[in-house]
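Data block below; observations after.
The values are calculated or read from the model by the stated rules, or taken from the named source; none is laboratory data. Please read all numbers here as calculations on a predicted model, not as lab measurements. Ideal geometry is used to build each Cβ from the backbone, glycine not excepted, and the neighbour counts take in all protein chains shown.
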């Protein structure tokens, strides 16, 4: 198998800059192709469909029929991709079991498969993971969520979402499918680092030059503050189950209410309660030890996985009822403003169309009177 024909499988982890990195590569597909790197599949939608098939989560009653052929399309597209390297990026692949991992590797054909895992310290990862749960329609309170994750980790449970927060365990499921020397671990830099440092580390693994890449124009997968996250949690709790299904909630709950309404407010960063600091430190030490001894290629510094002191608060800063009410009112104002803007644009478009139609009718009328629009003679 030619060594120069590679495919990089970027598996996540979730909330490790994956949306940002995907946004950059999607925006710069042509520039990356000129450097020999093809994005396969070439859209988030197709990559998500591929993940559904790989992880056996496809449901014909709720997922579109075209998604059922995503794995076959991936094999065909990858085989015909002209570059020496290809990239698949889909963060939910991190939860793939070993048979599923083998299925994806087999779908890569004669390409040399490399794994790419982006990892981040628990001090930032835990609040982000809770937000991710809320943006999927869940309703668990922050304190309960943290205690559950601690129990799952200490008991060795592979339940969601801890299964996507343990890089050593995730890569262990790929052992025997992809050799350790083809596994690349990219650490997310600590707060205060250069805003392009994560992209630079990512690009070094892919052997591309990031200097000519055009950055995203808008932020992706924006974070919520503690109060706004609590508003989202309570709204989720009040929704009927049919509105929290993936097809509906993704557009209405996540991309509209969370990202356009709540994320637009002034926010306070969500911190981890001080009582979990020792546990986070122990977990981080275990992760650093496991990753450093496994023979993986490290891009960045595993010390980036150590939790910073500023990630912790004396206790969980549970929002007051007044804070929740104020954020809810601001949300309603924002929703009405967005609705008003949309209504105004719709009216302007309608008035414009009516104006054009009126002018056309006048022109047709004048033309008919002058005989210039009478086509009966030509016919």
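Worth a mention:
- Filtered by the rule that a residue be in a helix (DSSP H, G or I), surrounded by fewer than 21 Cβ atoms within 10 Å (Cβ to Cβ) and touching a helix residue (DSSP H, G or I) at 6+ places or on another chain (Cβ under 9 Å), the range 234-248 gives 234, 235, 242, 243, 244, 248.
- Selection from the range 77-103 of residues that are under 20 Å from residue 17 (Cβ atoms) and either part of a helix (DSSP H, G or I) or free of Cβ contacts under 8 Å to residues at least 60 places away in the same chain (or both): 91, 92, 93, 94, 95
- Residue match in the range 225-235 (condition: out of contact with any strand residue (DSSP E or B) (no Cβ under 9 Å at 6 or more places or on another chain) and free of Cβ contacts under 8 Å to residues at least 12 places away in the same chain): no
- Any chance residue 193 is under 30 Å from residue 139 (Cα atoms) and either out of contact with any strand residue (DSSP E or B) (no Cβ under 7 Å at 6 or more places or on another chain) or free of Cβ contacts under 8 Å to residues at least 60 places away in the same chain (or both): no
- Residues (surrounded by 14 or more Cβ atoms within 10 Å (Cβ to Cβ) and either within 21 Å of the chain's Cα centre (by Cα) or closer than 11 Å to residue 93 by Cα (or both)) located in the range 58-71: 58, 63, 67, 70, 71
For every residue, the table says whether it meets (1) modelled with pLDDT under 95; (2) within 30 Å of residue 111 (Cα to Cα); (3) surrounded by fewer than 18 Cβ atoms within 10 Å (Cβ to Cβ).
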| site | (1), (2), (3) |
| --- | --- |
| 156 | yes, no, yes |
| 162 | yes, no, no |
| 176 | yes, yes, yes |
| 198 | no, yes, no |
| 202 | no, yes, no |
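- Filter pass, residue 30 being touching a strand residue (DSSP E or B) at 6+ places or on another chain (Cβ under 8 Å), outside any loop (DSSP other than H, G, I, E, B) and over 23 Å from residue 13 (Cβ atoms): no
- Pair list, Cβ < 9 Å and 6+ apart or interchain, from the range 337-357 residues that are assigned to a helix (DSSP H, G or I) to residues that are surrounded by 10 or more Cβ atoms within 10 Å (Cβ to Cβ): 338/256; 338/260; 338/261
- Qualifying residue in the range 179-190 (condition: more than 30 Å from residue 302 (Cβ to Cβ), crowded, with 17+ Cβ neighbours inside 10 Å, in contact with a helix residue (DSSP H, G or I) (Cβ under 6 Å, 6 or more places away or on another chain) and in contact (Cβ under 8 Å) with a residue 40 or more places away in the chain): no
Let's see how each residue does on (1) in contact with a strand residue (DSSP E or B) (Cβ under 9 Å, 6 or more places away or on another chain); (2) assigned to a helix (DSSP H, G or I):
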site: 255; (1), (2): no, yes
site: 261; (1), (2): no, yes
site: 266; (1), (2): no, no
site: 276; (1), (2): yes, yes
site: 282; (1), (2): no, yes
site: 295; (1), (2): yes, no
site: 307; (1), (2): yes, no
site: 326; (1), (2): no, yes
site: 330; (1), (2): no, yes
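- Residue satisfying all of: in the range 114-148; touching a helix residue (DSSP H, G or I) at 6+ places or on another chain (Cβ under 8 Å) and free of Cβ contacts under 8 Å to residues at least 60 places away in the same chain; nearest to residue 297 (Cα to Cα) among these: 133
- Scanning the range 105-138 for residues that are under 20 Å from the mean Cα position of the chain (by Cα) and either at negative phi or at pLDDT 95 or above (or both) yields a total of 23.
- When the criteria are applied in full, residue 208 meets the requirement of being touching a strand residue (DSSP E or B) at 6+ places or on another chain (Cβ under 6 Å), buried (at least 19 other Cβ atoms within 10 Å of the Cβ), more than 29 Å from residue 62 (Cβ to Cβ) and touching a residue at least 24 places away in the same chain (Cβ under 8 Å).
- Of all the criteria given as (1) surrounded by fewer than 16 Cβ atoms within 10 Å (Cβ to Cβ); (2) under 20 Å from residue 185 (Cα atoms); (3) at pLDDT 95 or above, the one not satisfied by residue 97 is (3).
- Each residue in the range 4-27 was checked for being under 16 Å from residue 86 (Cβ atoms), in contact with a helix residue (DSSP H, G or I) (Cβ under 8 Å, 6 or more places away or on another chain) and either without any contact (Cβ under 8 Å) to a residue 12 or more places away in the chain or not in a strand (DSSP E or B) (or both), and 4 pass.
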